[in-house]
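Novice: A single structure is presented below for examination.
Each reported figure results from applying straightforward, stated rules to the coordinates on display, with no laboratory input. Source: prediction; values computed, not measured. Note that we place each Cβ from the backbone using ideal geometry, even for glycine, and neighbour counts take in every protein chain shown.
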Amino acid sequence: MTDLPSRVPLDNDGTDADRPPVLPFLNMWTAIDGTSRIDLSRMTGFGMKSVGGKASPQWMRPFPGEVAAINFAILPVGWTGDWHESPSPQWVIPLRGRWFIETMDGNRVKMGPGDIHFGQDQDTTDGKGHRSGQIGDEPCFQIMIQFATSPAAQTRDPFGA
């Protein structure tokens, strides 16, 4: 099993007004051989835009897709989700506490606040998907943004890079 880092160094965090930033995230997807994989990826496509009113422009990136549900989840101490696929393509963002994902390719990633994960491991061999679980001595609070259909292809870098 290989432990992947949960974050990549930022080569552009938005402080350079002449260069759009790049947002690192963890991408879980299903490879052509039916195995789930998790890789560090990067989101590009940011532009300066105001959120409205008199708010100054900020770096923003529109995101495609129809949101099917937004869920808040709390993983209790000791919680483990044995092998399963993501219920739908989804962003999972830990707000407090820590958790892990282990994929069929043998990679394992530990995440906490500040880490961003996109999961779309549907149609894996035998529906195996991934394992996940809470880490440490406090519950893991998460927000999950689920999509009706995948807003991206099943590739290592679905949103740029």
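Novice: Do you know which of the residues in region 42-63 that are within 19 Å of I143 (Cβ to Cβ) and touching a residue at least 40 places away in the same chain (Cβ under 8 Å) is nearest to the chain's Cα centre (by Cα)?
Specialist: That would be M43.
Novice: Which residues, counting only those in region 74-93, are more than 15 Å from the chain's Cα centre (by Cα), surrounded by 14 or more Cβ atoms within 10 Å (Cβ to Cβ) and closer than 11 Å to C140 by Cα?
Specialist: Start the filter on region 74-93 by keeping residues that are more than 15 Å from the chain's Cα centre (by Cα), which leaves 74-84.
So of that shortlist, the ones also surrounded by 14 or more Cβ atoms within 10 Å (Cβ to Cβ) come out as 75, 79, 81, 83-84.
Once the filter is applied, which keeps residues that are more than 15 Å from the chain's Cα centre (by Cα), surrounded by 14 or more Cβ atoms within 10 Å (Cβ to Cβ) and closer than 11 Å to C140 by Cα, region 74-93 yields L75, W79.
Novice: Considering each of D121, D126, D105, D115 in turn, give the residue that is within 18 Å of L40 (Cα to Cα) and more than 15 Å from the chain's Cα centre (by Cα).
Specialist: Details: D121 fails: more than 15 Å from the chain's Cα centre (by Cα); D126 fails: within 18 Å of L40 (Cα to Cα); D115 fails: more than 15 Å from the chain's Cα centre (by Cα).
Every option except D105 fails the conditions.
Novice: Also, I was wondering about something else. Restricting the search to region 24-55, which residues are in a loop (DSSP other than H, G, I, E, B), closer than 15 Å to Q154 by Cβ and of a type in the set (V, I, T)? Give the steps one after another, and end with the answer.
Specialist: Residues of region 24-55 that are in a loop (DSSP other than H, G, I, E, B), as a first pass: 31-35, 44-46, 50-55.
If we keep only those that are closer than 15 Å to Q154 by Cβ as well, we get 31-35.
The answer is I32, T35.
Novice: What number goes with the only condition from (1) within 19 Å of Q154 (Cα to Cα); (2) out of contact with any strand residue (DSSP E or B) (no Cβ under 6 Å at 6 or more places or on another chain); (3) not aromatic (F, W, Y) that P62 does not pass?
Specialist: Checking P62 against (1) within 19 Å of Q154 (Cα to Cα); (2) out of contact with any strand residue (DSSP E or B) (no Cβ under 6 Å at 6 or more places or on another chain); (3) not aromatic (F, W, Y), the one that fails is (1).
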